[in-house]
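Heads up, the thing below is written out as structure tokens.
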Amino acid sequence: MKLDIHEVLKRLPHRYPFLLVDRVLEIETGKRIKALKNVTMNEPFFVGHFPHRPVMPGVMMLEALAQAAAILGFDMLGVLPDDKTVFYFAGIDNARFKRPVEPGDQLVLDVALERTRAGIFKFHARATVDDALAVEADLMCTMRRVP
């Protein structure tokens, strides 16, 4: 299944400037997702990170992976987020940054579900640019209803 930006907006509660998934290329329900983040000079974090040599912050790369994971999680449960649904980080392990990501790069987000237990999803996530590994990590996330 492919999702354009309009479908992504239905499946994530995030909005500008924090929406970090532009398109979904593939979803295998309950297994994996492949999505895109087009990195442009217009990203608000480039104003200060770093003005002389813009580099996408590592935490933003991890957030993009977590947003792709959220789409996979919502898809697996067969639900869409609403104003009372949030998808939180519960943990990040084994995060490794392998190359800088700069304006003009296209970050390919690959996230695989490893397991779900007691409402906690565990994913292995990787992001590449031109087939070169930029970041990988094990992400733990949970979905919660808020008042």
- Item | Positions within region 56-89 being of a type in the set (Gly, Ala, Ser) and surrounded by 14 or more Cβ atoms within 10 Å (Cβ to Cβ), in sequence order | GLY58, ALA64, ALA66, ALA68, ALA69, ALA70, GLY73
- Message: Going by what's in this entry, would VAL86 be described as assigned to a strand (DSSP E or B), in contact (Cβ under 8 Å) with a residue 60 or more places away in the chain and not small (Gly, Ala, Ser)?
- Response: yes
- Inside region 37-55, the number of residues satisfying the requirement of being assigned to a strand (DSSP E or B) and surrounded by fewer than 18 Cβ atoms within 10 Å (Cβ to Cβ) is 1
- Message: Go through (1) over 15 Å from the mean Cα position of the chain (by Cα); (2) under 27 Å from PRO54 (Cα atoms); (3) of a type outside the set (S, T, N, Q); (4) part of a helix (DSSP H, G or I) for PRO100 and report which single condition fails.
- Response: (4)
- Conditions (1) modelled with pLDDT of 95 or more; (2) surrounded by 12 or more Cβ atoms within 10 Å (Cβ to Cβ); (3) within 26 Å of ARG144 (Cβ to Cβ): number failed by ASN94: (2)
- Message: Within region 2-28, take every residue that is in a strand (DSSP E or B) and among the charged types (D, E, K, R) and give me the one that is farthest from the chain's Cα centre (by Cα).
- Response: GLU28
- Item | Residue list for region 1-34, filter: aliphatic (A, V, I, L, M), under 21 Å from VAL129 (Cβ atoms), in contact with a Leu (Cβ under 7 Å, 6 or more places away or on another chain) and surrounded by 16 or more Cβ atoms within 10 Å (Cβ to Cβ) | LEU19, VAL21, VAL24, ILE33
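So, in region 114-124, exactly how many residues are within 15 Å of the chain's Cα centre (by Cα) and more than 20 Å from HIS14 (Cβ to Cβ)?
Summing the residues that are within 15 Å of the chain's Cα centre (by Cα) and more than 20 Å from HIS14 (Cβ to Cβ) in region 114-124 gives 2.
The values are calculated or read from the model by the stated rules, or taken from the named source; none is laboratory data. Not measured: the values here are computed from a predicted model. Neighbour counts are summed over all protein chains in view; Cβ atoms, including those assigned to glycine, are modelled from backbone coordinates with ideal geometry.
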